[in-house]
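Novice: Got a structure for you, written out below as structure tokens; questions coming shortly.
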Amino acid sequence: MTGFALAARTRRKGPVIWIRQSSLKQAHGGLLQAGCREVAPDLPPSLNITPRKPAEALWATEEAIRSGVASLVIAELEDASFTASRRLALVSGRHGTPVILLMPYTRDGATAASARWRLSPRPSSPNRYDTHAPGALRWKAVLERSRQAPHMAGQSFDLELDDETLSLRVVSGLAADPAPARSPRPQDRIGPPGLRQTA
């Protein structure tokens, strides 16, 4: 979800502060700057922090927000209580620093986030220059909850990273999805020349 978080960020001055619990780093590996630059070539310098305990990760996240120097704070946590997420949301609002909380896909429970998305990777789009190479990154994003647009809750979107504009776009009909069934039209029927067909 690193690519999604970087693509969804706003263009602000200042470093990105990335707090990642050590257990998640052990399970999923470290962040590679070359990979981050592939998704976001204009990415400002980043500071990576790897605390061991959940309480340390929450403290580091709050302090990063309060510092006022970060353009974005990303916190990868195993879990965060509603109270902890509410505290981060309040500090973020007070200091004007956006924060993205990334938690495991299987995590359930309430948070104080203004929007909650559940993301899963999708097969990449076909590469227009090389059929054997991967294409643009894609995700399935389900909006589970939104304070600003409650009527949109439950909607699902297929998103793709546009590598030219470095932004996310909604795509329709992914290559991995089955083609919709189509009933034959009368003009599509094949018959001997000159034979008039009626429907």
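The values are calculated or read from the model by the stated rules, or taken from the named source; none is laboratory data. All of these numbers come straight from a predicted model, not from anything done at the bench. As a convention, Cβ positions derive from the backbone with ideal geometry for all residues, glycine included, and neighbour counts pool all protein chains shown.
Novice: Tally the residues that are free of Cβ contacts under 8 Å to residues at least 12 places away in the same chain and surrounded by 10 or more Cβ atoms within 10 Å (Cβ to Cβ), restricting the search to the stretch 125-144.
Specialist: Result for the stretch 125-144: 4.
Novice: Do you know which residues across the stretch 58-103 are part of a loop (DSSP other than H, G, I, E, B) and in contact with an Asp or Glu (Cβ under 7 Å, 6 or more places away or on another chain)?
Specialist: MET103
Novice: Within the stretch 102-109, identify whether any single residue is of a type in the set (Lys, Arg), under 18 Å from the mean Cα position of the chain (by Cα), on the phi < 0 side of the Ramachandran plot and modelled with pLDDT of 85 or more, and answer yes or no.
Specialist: Looking for residues that are of a type in the set (Lys, Arg), under 18 Å from the mean Cα position of the chain (by Cα), on the phi < 0 side of the Ramachandran plot and modelled with pLDDT of 85 or more, one finds none in the stretch 102-109, hence no.
Novice: Another question about this same structure. When you scan the stretch 1-60, how many residues do you find that are closer than 26 Å to ARG87 by Cβ, of a type in the set (Lys, Arg) and at pLDDT below 70?
Specialist: Final tally of qualifying residues: 1.
Novice: Oh, and also: Report yes if ASP163 is farther than 25 Å from ARG107 by Cα, in contact with a helix residue (DSSP H, G or I) (Cβ under 9 Å, 6 or more places away or on another chain) and modelled with pLDDT of 70 or more, otherwise no.
Specialist: yes
Novice: With the requirement that a residue be within 13 Å of SER156 (Cα to Cα) and assigned to a loop (DSSP other than H, G, I, E, B), what does the stretch 109-123 give you?
Specialist: none
Novice: Tell me the residue from THR165, THR106, THR131 that is in the same structural domain as LEU88 (by TED's automatic domain parsing), polar (S, T, N, Q) and part of a loop (DSSP other than H, G, I, E, B), please.
Specialist: THR106
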